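The values are calculated or read from the model by the stated rules, or taken from the named source; none is laboratory data. Predicted model, so just to flag it, every value in this text is computed and none were measured. Backbone-built Cβ (ideal geometry, glycine too); neighbour counts: all protein chains shown. What goes into the accessible areas is simple: the full protein's heavy atoms, side chains included, and nothing from ligands, DNA or RNA. Shrake-Rupley method; radii C 1.70, N 1.55, O 1.52, S 1.80 Å.
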Amino acid sequence: MTEEVLDIAPEELESVDFAAEEGDIAADYLEELLDIADIDGDIDIEVRNQRTYLSVVNEEDEENELHHLVGRNGEVLEALQELVRLAVLAQAGERSRLILDVDGYRAARRQELTLIAQEAIERVRESGKEHHMKPLGAYERKVVHDVVAAAGLYSESEGEGTRRHIVISLPEA
């Protein structure tokens, strides 16, 4: 019998361990919340790039109960994610950066934001002028920044609070 040696730095191993722990804590918290609200849902946990992703799904949700956990424009989902992060902080003593998706909302929104960002990128390329996008939440801005960077353009966030938005421009020569 041979032992497999993993080539992982100690700090990476710690973050992998924490990601697994935060996933378990968050899933327990969400299960309790779903029980209290009497909403059926399955919780999937995935760790990618040392970040924990939780999804609450229910293939048989004929009454669309999970939609209540998303709210208008994802507002309830954002609040629920923050509550889950606070539950992890209270139990594990470390700040969590987990991402919560309910009923595929974030996945669909990510696709929508990718299309919006691509349209803005084309406008900037055609006009040569910077483009100010509508205000977005932190997670949504991250999605757009990633799309812009992959396209080889420059983006930065401007503004404060609910007015925080992204400005896309051509890279400086």
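Size of the dipole of the chain about the Cα centre, Lys and Arg at +1 and Asp and Glu at -1 on the beta carbon, nothing else charged, in debye to 20?
Once rounded to the nearest 20, the dipole reads 1540 debye.
Can you list the residues, at least 5 places off or on another chain, whose amide H is less than 5 Å from the amide H of Ser96, using H built in the peptide plane?
Leu89
Are there trypsin sites (Lys or Arg not before Pro) in the range 75-115 that DSSP puts in a loop and that have at most 16 other Cβ atoms within 10 Å, and which ones?
Passing sites in the range 75-115 are Arg95, Arg97.
Counting only protein heavy atoms and a 1.4 Å probe, tell me what percentage of the range 72-173's accessible area is made up of carbon and sulfur.
Exposed carbon and sulfur together represent 50 percent of the surface.
When ligands, DNA and RNA are left out and all protein chains stay put, how many square angstrom of accessible area per residue does the chain have with a 1.4 Å probe?
Accessible area per residue: 66 Å².
Pop out the ³J(HN,Hα) list for the range 133-144 in order, Karplus 6.51 cos²θ - 1.76 cosθ + 1.60 with θ = phi - 60°, rounded to Hz; leave Gly and Pro as x.
Each residue's phi maps through the Karplus curve to give 8, 5, x, 9, x, 4, 4, 5, 4, 4, 4, 5 Hz.
How about the range 111-166: which GluC sites (Glu not before Pro) there lie in a loop by DSSP and see at most 12 other Cβ atoms within 10 Å?
Values: sites: Glu112, Glu119, Glu122, Glu126, Glu130, Glu140, Glu156, Glu158, Glu160; in loops: Glu130, Glu160.
Answer in residue order: Glu160.
Calculate how steeply helix 10-37 sits against the longest principal axis of the alpha-carbon atoms of the chain, using the helix alpha-carbon long axis, and give the answer as 0 to 90 degrees to the nearest 10.
Around 70 degrees separate the two axes.
Mean residue ellipticity at 222 nm from the helices of the chain, using -39,500 (n - 2.57) per DSSP H segment of n ≥ 4 over the full residue count, to the nearest 500 deg cm²/dmol?
Taken over the chain, the calculation gives -16500 deg cm²/dmol.
Compute, for Asp44, the solvent-accessible surface of its heavy atoms (probe 1.4 Å) with the complete set of protein chains present, and express it in square angstrom to the nearest 10.
For Asp44, the solvent-accessible surface is approximately 80 Å².
Kindly give Rg over Rh for the range 18-173, based on alpha-carbon atoms, with the Kirkwood expression for the hydrodynamic radius.
1.04
Just the accessible area for Ser127, please: 1.4 Å probe, Å², rounded to the nearest 10?
The value for Ser127 is about 70 Å².
Just reorder Lys142, Lys129, Lys134 by solvent-accessible area, largest first, 1.4 Å probe, all chains present.
My answer, sorted largest first, is Lys134, Lys129, Lys142.
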